[in-house]
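Engineer: Quick one: structure below, then a few questions.
Every read-out reported here was derived from the displayed coordinates using simple, explicitly stated rules and does not represent laboratory data. Predicted, not measured: the structure shown is a model, and the values here were computed from it. Note: ideal-geometry Cβ built from the backbone for every residue, glycine included; neighbour counts use all protein chains shown.
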Amino acid sequence: MEDRLADCQVAIIGAGPIGLMCANLLGAAGVDVLVLERNDALVGLPRAIAYDPETLRLFAQVGLFEAIADGLIQDPRVVYLNARGRKLMEMNPPRSLIGHSQLGTFYQPSLELALLDGLSRFNNARAAFAHTVVNIAQNSKDVDLLVDGPSGRRRLRAEYVVACDGGASATRQAIGARLVGSTYAERWLVIDALVDDHNIDRITFFCDPRRPAVQLPAVGKRVRWEFMQLPGESAEELSRAATVKKLLAPFVAVSRVKIERQAVYAFHARVADKWRQGRVFLAGDAAHLMPPFAGQGMNGGMKDAANLGWKLAAVLLDGADPSILDTYEIERARSVRAMVNLSRRLGAVIMPTNSAIAHARDAIFAALNLSNGFRSFILRGGVLPPPHIARSVLTGGAKDRLIGEMLPQPTVADHSATGLFDQWAGRRQWIALGIGVDPVLDLTARDRAILERLNACFICINGEAGEATLRLRCEDQQFIDWVRRRRVRSILIRPDRFIAERLDPRADLRSLDLFQRAGAAARSPAQVSGPRRELQIDPLRAH
């Protein structure tokens, strides 16, 4: 077996979708990254099933969207039905402002394989399977990892560690973090199956107090069903072959079903009380667990990877002030808690098993659906909040709703090509964007110098600009309407495509304060310095 272990700049614990995405982001940036996975290979189980447009945009940014596109069910309708088959809600959202399908499903093993294969593009990124981290020690300069593998026990050093080791994260326990929140008393039976010639083309929530259930199409012959455990029912009873057949019978001819996987899950609504200790960070399920009703379990972790990845690269490669890493939890945790609460509210619509409560819910929705405004709001997916980050030192401080929004991604064109906006900017580039104006004119000398050292991209849409600025044309009406609503003239876009602040030639931008020394040459992994703090890892804890 090839020895994959060596000192690195970033060690990632866990080769699930979040760990592999983080490794692709860092690999593409030029960071020396190693993924450590305790299992012998990818787990290969279809656990997550729903994507959102931010996740698709992220795959496009790392050059892997085409590798997963054929495995996506894009833009299915989402319908909530009561016990009598009447619609409580229906969603059929248009293409999102950020350029991709608003929602849909995928097959997780194929997505993970695309991410793992993606690492082979980079000489500076690698994955080591059958390697378990059993201990972590850190000081102010680096992290020492003790790793058990097929060749025995080894030590390696990294400048930073990102723990993507799942809901039962041993690293979370090691850094003294704890999950805060609740676990649903009800469990759910999840069945992933192959069904020949099925005609299931929408996501349906059956809000029936006799047995709440969910049905989702996946790529090809695949279908997922989820059935709620009823009060007084054991997980063993729910999992029996006879029970499974009885549950599936109303939806499909059971003889046509080939079950790939079934499992009984407890759903959690929990967020870690801290996401970092020193040089060790938590991401994905290690940092937060949420109910599935808003489809944000894996997608929330992808947002973690996007937020943390570019900041680690900026510190390691560009000489940015390491204190920018403090903004990771600040910017993400509030959004995660809001999404957990949204998932709980949607669960409250789906899960009542008390018939009186279900009848009251039905009456409320019957009244709401008399309003064209309510139906239109739900139909366009208004219940799902747009991408947003909380304010930090990497955003402007003004009371401006534009700050912290994700930049829409319109279709644009230059003199030779047409495509989505991100095609004209690098994977981790800052962007100074002007609408009808050269953004260089709206920058102070300090800010322009910082952005030039960061190899930022200067772009003008629908206007004249100097030689240093790329000129693009845009006739995308959704984007033009957004520009008018937000009164956009010139803005600073971070590498994760969130809007940092409006440009102002009269004052330096706060969001660039910690990058004044940026542009330093790439640094090799730090040397050992100072006493290490031991973080005890229990290798028996699964991830």
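Engineer: Working only within segment 390-436, note down all residues that are closer than 19 Å to PHE59 by Cα, of a type in the set (Gly, Ala, Ser) and more than 22 Å from the chain's Cα centre (by Cα).
Structural biologist: Answer for segment 390-436, where residues must be closer than 19 Å to PHE59 by Cα, of a type in the set (Gly, Ala, Ser) and more than 22 Å from the chain's Cα centre (by Cα): just GLY419.
Engineer: For the structure I just gave you, tell me whether ARG344 is touching a helix residue (DSSP H, G or I) at 6+ places or on another chain (Cβ under 9 Å), surrounded by fewer than 21 Cβ atoms within 10 Å (Cβ to Cβ) and among the charged types (D, E, K, R).
Structural biologist: In short, yes.
Engineer: Out of everything in segment 145-163 that is crowded, with 18+ Cβ neighbours inside 10 Å and out of contact with any Ser or Thr (no Cβ under 8 Å at 6 or more places or on another chain), what residue ends up being nearest to ILE12 (Cα to Cα)? If you could, list the steps in order and put the result at the bottom.
Structural biologist: Applying the first criterion (crowded, with 18+ Cβ neighbours inside 10 Å) to segment 145-163 yields 145, 147, 149, 156-163.
Checking which are out of contact with any Ser or Thr (no Cβ under 8 Å at 6 or more places or on another chain) leaves us with 145, 156-160, 162.
Working: LEU145: 11, LEU156: 12, ARG157: 12, ALA158: 10, GLU159: 11, TYR160: 9, VAL162: 5 Å.
It comes out as VAL162.
Engineer: Restricting the first residue to segment 256-280 and requiring it to be at positive phi, which pairs with a second residue that is surrounded by fewer than 18 Cβ atoms within 10 Å (Cβ to Cβ) and assigned to a strand (DSSP E or B) meet a Cβ separation below 9 Å and a spacing of at least six or different chains?
Structural biologist: Matching pairs, first to second residue: GLY278/ARG533.
Engineer: Please list, ordered by residue number, the strands (runs of 3 or more DSSP E) wholly in segment 172-256 having 2 or more residues that are farther than 30 Å from ARG279 by Cα and among the charged types (D, E, K, R).
Structural biologist: Because the criterion is at least 2 residues that are farther than 30 Å from ARG279 by Cα and among the charged types (D, E, K, R), the strands (runs of 3 or more DSSP E) in segment 172-256 that meet it are 179-195, 222-228.
Engineer: Follow-up question, since we're still on this one. Name the one entry in PHE106, PHE65 that is under 15 Å from the mean Cα position of the chain (by Cα) and free of Cβ contacts under 8 Å to residues at least 12 places away in the same chain.
Structural biologist: It is PHE65.
Engineer: Can you name the residue in segment 342-374 that is touching a residue at least 40 places away in the same chain (Cβ under 8 Å), assigned to a helix (DSSP H, G or I) and not aliphatic (A, V, I, L, M) and, of all such residues, is nearest to THR204 (Cα to Cα)?
Structural biologist: Among those residues, the one meeting the criterion is GLY347.
Engineer: Related question: Please enumerate the residues belonging to segment 1-59 that are of a type in the set (Asp, Glu) and in a helix (DSSP H, G or I).
Structural biologist: GLU54, the sole residue that qualifies.
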